[in-house]
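Working notes, structure below.
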Amino acid sequence: MRTPRVYPFAMHQLPAAYQNYLASQTQHVVDAVRPVLLQSAADQRHGVRITYNSGPTGHQAHLDESIPYGEIVEDID
């Protein structure tokens, strides 16, 4: 009998705005921004700014102190 894994961190539910954003995106965008949305949900202090640039990097996300937790702002870089 195997013992269950114990994870040192709690999984946090994503805010509705984050879930709605992910649901409306392609898998490529989801893969690019989801780690930052999870980070935001874990610390619950800052929102997320998602930028799009037409180069090879495409969508990028980062925590933004000026955005309230649970909100996403999209920009074109």
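The values are calculated or read from the model by the stated rules, or taken from the named source; none is laboratory data. No experiment lies behind these values; they were computed from the predicted model shown. All Cβ positions, glycine included, derive from the backbone under ideal geometry; neighbour counts span all protein chains shown. These area figures cover heavy atoms from the full protein model, side chains too; ligands, DNA and RNA do not enter into them. Shrake-Rupley method; radii C 1.70, N 1.55, O 1.52, S 1.80 Å.
I67: net charge of surrounding residues, Cβ under 14 Å, Lys/Arg +1, Asp/Glu -1, itself excluded?
Neighbour charge sum, excluding I67 itself: -4.
Sum up the charges of everything whose Cβ sits under 12 Å from the Cβ of A17, counting Lys and Arg as +1 and Asp and Glu as -1, but leave A17 out.
Here the count lands on -2.
Any chance you could run the full-extension gain for Y52 through S66? It's 0.36 nm times the residue separation minus the Cα-Cα distance, nm to one decimal.
The Y52-S66 span can extend by a further 3.2 nm.
Can you give me the % of accessible surface on region 23-62 that is carbon or sulfur? Probe 1.4 Å, all protein chains present, nothing else counted.
51 percent
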